[in-house]
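Below: one structure, written as structure tokens.
The values are calculated or read from the model by the stated rules, or taken from the named source; none is laboratory data. Fair warning: this is a prediction, and the values are worked out from it, not measured in the lab. Cβ sites come from the backbone with ideal geometry, for glycine too, and all protein chains shown count toward neighbours. In case anyone asks, the SASA skips ligands and DNA or RNA and just uses the protein heavy atoms, side chains included. Shrake-Rupley method; radii C 1.70, N 1.55, O 1.52, S 1.80 Å.
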Amino acid sequence: MAAPSCRALLAACLVLQLATARGEGCSGFGNVFTEIPENSAHGSLVARLPAGGDAGGPALQLCLAGTDAAWFYLDGRSLRLNASAGRALDREELESPVLMVALTCAEDGFAPVEYRVIVQVLNENDNRPRFRGEPVLTHNVSELVAVHSVVFSTQAEDADGDLLMYVIDASSPDARFFRIDLPNSGRVVLARALDFESRQRLEVVVTAVEMNTKERFNTSARVRVNVLDGDDQYPRFLPCAPPDPPGVCISPVYTANVTEGELTGSPLRFSPGSIYAEDGDRGLRAAITYSLLAGEESARFHIDNATGAITLLRAVESSRRTPAISLSVMASQVNDATKYAVAVAVVRVLATNRHPPRFARPAVRAFVPAGAREAALVTTFGGHVLALRAHDPDFPE
Ligand SMILES: *[C@@H]1O[C@H](CO)[C@@H](O)[C@H](O)[C@H]1NC(C)=O
Ligand SMILES: *[C@@H]1O[C@H](CO)[C@@H](O)[C@H](O)[C@H]1NC(C)=O
Ligand SMILES: *[C@@H]1O[C@H](CO)[C@@H](O)[C@H](O)[C@H]1NC(C)=O
Ligand SMILES: *[C@@H]1O[C@H](CO)[C@@H](O)[C@H](O)[C@H]1NC(C)=O
Ligand SMILES: *[C@@H]1O[C@H](CO)[C@@H](O)[C@H](O)[C@H]1NC(C)=O
């Protein structure tokens, strides 16, 4: 056997007996630069080695060696692709899109010569764009985000390196809230104002489409937008008075009774319910503090700034002079005093009831005509109609 040196030098090489044109031998070869599309079938021709001669020339031994050598095999003078169903030539899977093999040629009586075979693997559009992350992308967006500003960014990638553009699927449920101004940026812009109080979750479909390929592969992602509550609502007193227009909360008028001259020391009981306000931002529910706006009689009361409970500090002397006291109660957010609401609390002063009513006279005498039927006048001695009078010193009028 000729040239055992080849096998000795490169243990992994493939050996082939080849005859070349008379006299040329290994020097008829040269470096090979070529290219092949990815996903080519097994056996595809990669390169033809220099034209061989007739039989009878010197026997040559050719070896392929190097880390990429397993991608090729020699078939006579043809260098062919070695691929299989489970091992396709996938440019995106290769460490480098250029495969390099050493072709060694050994000839009896000469030192082996090494040539380079350099094969560039050409790209095909064999990958669709893909969105990064979960199948459903989630973004949290504050309801206070300005219209026309970027609310989130979607990024898809394409293993073939194709240019992508992004479009919003107009048929997706909340497409009207969003817009993409620069199609290849993936930046999604808010097209109309968000409102946590009416919608807490929106859904939109964004599609990434290849721009520069004939296949124009595309892929879509569902994007869920959680609308976060922003501080855009004021406190409101509860229970709301019958709403008009709907959705509006009108503060109730709270009423309570006190009795003149009395001081119980316990909080007043208000109707239609205790004085209570809460933040209109349901997602935030900022803490509320209560206070009484200064007024003629406000010093007579104390309000608990945390609970809104109102206590009378000094008794009201006379219900006749002061039949009712009107207080202005303010509820404001602890974290932002400019967000407040004011409600009216009316404290009615009832007269003390110390005396029972009394008839003017302990006994009266009167007459009815004899033989009177169902209805007859009862008269006094003087012939006047009997009138009974009672009197209560607590209620002179
Ligand atoms: C072809 O590739 C397969 C799988 O890598 C390998 O086992 C085989 O040896 C290769 N054939 C040649 C001729 O290199
Ligand atoms: C959105 O907010 C929720 C909690 O409110 C959180 O669990 C989630 O991680 C947030 N998602 C993103 C994408 O920021
Ligand atoms: C995405 O591709 C499908 C076919 O695969 C096509 O029907 C659809 O119109 C494409 N969508 C876009 C936005 O290009
Ligand atoms: C206050 O007294 C009036 C009668 O004088 C009564 O109708 C009303 O229910 C009382 N209000 C409360 C809150 O007790
Ligand atoms: C409520 O009143 C207490 C003292 O009575 C005070 O220390 C506290 O700061 C007040 N809270 C607010 C929010 O005004």
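Across the stretch 248-259, coupling constants 3J(HN,Hα) worked out from phi with the 6.51/-1.76/1.60 Karplus curve, θ = phi - 60°, read 9, 10, 9, 4, x, 9, 8, 10, 9, 10, 10, 9 Hz, and Gly and Pro carry x.
Extension gain for Ala324-Leu45 works out to 89.9 nm (0.36 nm per residue, less the C-alpha to C-alpha distance).
How much area per residue is accessible in the stretch 138-188 when the probe is 1.4 Å and only protein heavy atoms are counted (Å²)? Walk me through the numbers before you get to the answer.
Numbers: 2620 Å² over 51 residues.
So the stretch 138-188 comes to 51 Å² accessible per residue, rounded to a whole number.
Just need the relative contact order of the stretch 326-393 here, percent rounded to a whole number, with Cα pairs under 8 Å and 6+ apart. Over the stretch 326-393, the number comes to 26 percent.
Would you mind computing the Rg to Rh ratio of the stretch 62-164 from its alpha-carbon coordinates, Kirkwood style for Rh? Could you put the intermediate results ahead of the total?
Numbers: Rg = 23.8 Å, Rh = 18.3 Å.
Rg divided by Rh gives 1.30.
When each of the peptides 173-182, 359-368 is scored by how many other beta carbons lie within 10 Å of its residues on average, the order from highest to lowest is 173-182, 359-368. Counting 0.36 nm for each residue step from His302 to Arg116 and taking away their Cα separation leaves a gain of 57.3 nm.
What is the gain in length, in nm to one decimal, between Ser274 and Asp195 on full extension, counting 0.36 nm per residue of separation less the C-alpha to C-alpha distance?
Extending this stretch completely gives an extra 25.4 nm.
For the stretch 130-228, the square roots of the Cα gyration tensor eigenvalues, ordered a ≥ b ≥ c, give a/c of at least 1.5 with a/b greater than b/c, which places it in the prolate category.
Shown in residue order for the stretch 261-273 are the 3J(HN,Hα) couplings computed by the Karplus curve 6.51 cos²θ - 1.76 cosθ + 1.60 at θ = phi - 60°: x, 9, 9, 8, x, 9, x, 5, 9, 9, 10, x, x Hz (x for Gly and Pro). Computing FRET efficiency as 1/(1 + (r/R0)^6) for Ala70 and Ser96, where r is the C-beta to C-beta distance and R0 is 22 Å, gives about 0.90.
Taking the stretch 250-285 and a reference point 7 angstrom along Cα→Cβ of Ala315, the backbone N atoms nearer than 14 Å belong to 258-266. Summed over the residues of the stretch 249-360 and divided among them, the accessible surface reaches 57 Å² per residue at a probe radius of 1.4 Å. Amide H contacts for Tyr276 (H built 1.01 Å from N in the peptide plane; partners 5 or more residues away or on another chain; cut-off under 5 Å): Leu238.
Among Gly273, Gly261, Gly247, the largest mean-square fluctuation in a Gaussian network model of the chain, built with springs joining Cα atoms closer than 10 Å, belongs to Gly247.
Label the stretch 243-292 by shape, choosing from rounded, prolate and oblate, from the square roots a ≥ b ≥ c of the eigenvalues of the Cα gyration tensor; if a/c is under 1.5 it is rounded, and otherwise prolate applies when a/b is larger than b/c, oblate when it is not. Oblate, since a/c reaches 1.5 and b/c is not below a/b.
Summarising the overall dimensions of the chain from its C-alpha atoms, the Rg and Dmax are 49.4, 169 angstrom. Considering only Val227, Val346, Val385, the mean-square fluctuation computed in a Gaussian network model of the chain, springs between alpha carbons under 10 angstrom, is largest for Val385. Once the gyration tensor of the Cα atoms in the stretch 357-397 is diagonalised, the equivalent ellipsoid follows with semi-axes of 27, 11, 8 Å, ordered largest first. When +1 charges are put on Lys and Arg Cβ atoms and -1 charges on Asp and Glu Cβ atoms, the dipole computed for the chain relative to its Cα centre reaches about 2320 debye.
The label point for Thr219 and the one for Arg358, both projected 7 Å from the Cα toward the Cβ, are 9.9 nm apart. Computed from the Cβ-Cβ distance with R0 of 45 Å, the FRET efficiency linking Val136 to Val334 stands at 0.75. By accessible area, using a 1.4 Å probe on protein heavy atoms only, the stretch 357-397 has 58% of its surface on carbon and sulfur.
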